[in-house]
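What follows draws every value from the coordinates through simple rules; no lab data is involved. Note that the structure is a prediction, hence the values are computed from the model and not measured. A quick note on method: Cβ atoms are made from the backbone with ideal geometry, for glycine too, and the neighbour counts reach across all protein chains shown.
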Amino acid sequence: LAKTTQPISMDSYEGQEVNITCSHNNIATNDYITWYQQFPSQGPRFIIQGYKTKVTNEVASLFIPADRKSSTLSLPRVSLSDTAVYYCLVGAGGYQKVTFGTGTKLQVIP
Amino acid sequence: DTAVSQTPKYLVTQMGNDKSIKCEQNLGHDTMYWYKQDSKKFLKIMFSYNNKELIINETVPNRFSPKSPDKAHLNLHINSLELGDSAVYFCASSHRDRVTEAFFGQGTRLTVV
């Protein structure tokens, strides 16, 4: 899987929109971009996946520019319960291992 | 209904002991995994099974032996436990062609004393 780079940590106040950017310069043509969320003492949870342009679900939005060398996870109006580590992964299906990077630790402040 | 369940949630044991962690998924997935998360929160894949067949076997000491009796179960047996084995072990599952959309269990916190 292509290597990813994301900020180690971010702080945000409640109610703000948070954008976490991930760089993946070596992304392959058939790779998808996936984001996971991990709360303390829990397993990672899949939150969103995209290939290009924009994807939105009930949890977040994912913005992917045309060159796909980066992606931005957008969390609207964060609350304290959004405090977690967010992991960006790139890859496709089939028999390949899923490699998690260091993740971004988001701390939401009251 | 828990999608991916692991037991036990906590495991404290002495060095040299042998222990097992069990994992079951009820999602109908054909691929299951074991991950290890260390104290620095790095999450690393250890093993991957597809339909009971070992697909990925990362550089893991051979004291770790996965067993998949059927595609809904993947157990992890660890022999001669060492202090460095202390970590959180996560089981996960997915469809083979959607490996990046995995469902994870709650984790097993193993402490070797």
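Within the stretch A:65-92, the set of residues being among the hydroxyl-bearing types (Ser, Thr, Tyr), in a strand (DSSP E or B) and over 26 Å from residue B:97 (Cα atoms) comprises just one member, A:74.
Somewhere in the stretch A:28-42, is a residue among the β-branched types (Val, Ile, Thr) and buried (at least 19 other Cβ atoms within 10 Å of the Cβ)? Looking for residues that are among the β-branched types (Val, Ile, Thr) and buried (at least 19 other Cβ atoms within 10 Å of the Cβ), one finds at least one in the stretch A:28-42, hence yes.
The set of residues in the stretch B:19-43 being part of a strand (DSSP E or B) and either free of Cβ contacts under 8 Å to residues at least 12 places away in the same chain or closer than 13 Å to residue B:104 by Cα (or both) consists of B:23, B:24, B:25, B:31, B:32, B:33, B:34, B:35, B:36, B:37, B:43. Does the stretch A:30-49 contain at least one residue that is among the small types (Gly, Ala, Ser) and assigned to a strand (DSSP E or B)? Looking for residues that are among the small types (Gly, Ala, Ser) and assigned to a strand (DSSP E or B), one finds none in the stretch A:30-49, hence no. For the stretch B:75-105, the tally of residues that are within 14 Å of chain A (Cβ to nearest Cβ) and part of a strand (DSSP E or B) stands at 10. Screening the candidates B:97, B:85 for the property of being without any contact (Cβ under 8 Å) to a residue 60 or more places away in the chain and surrounded by 18 or more Cβ atoms within 10 Å (Cβ to Cβ) yields one hit, B:85.
When residue B:67 is tested against (1) more than 10 Å from chain A (Cβ to nearest Cβ); (2) within 27 Å of residue B:14 (Cβ to Cβ); (3) more than 11 Å from the chain's Cα centre (by Cα), exactly one condition is not met: (3).
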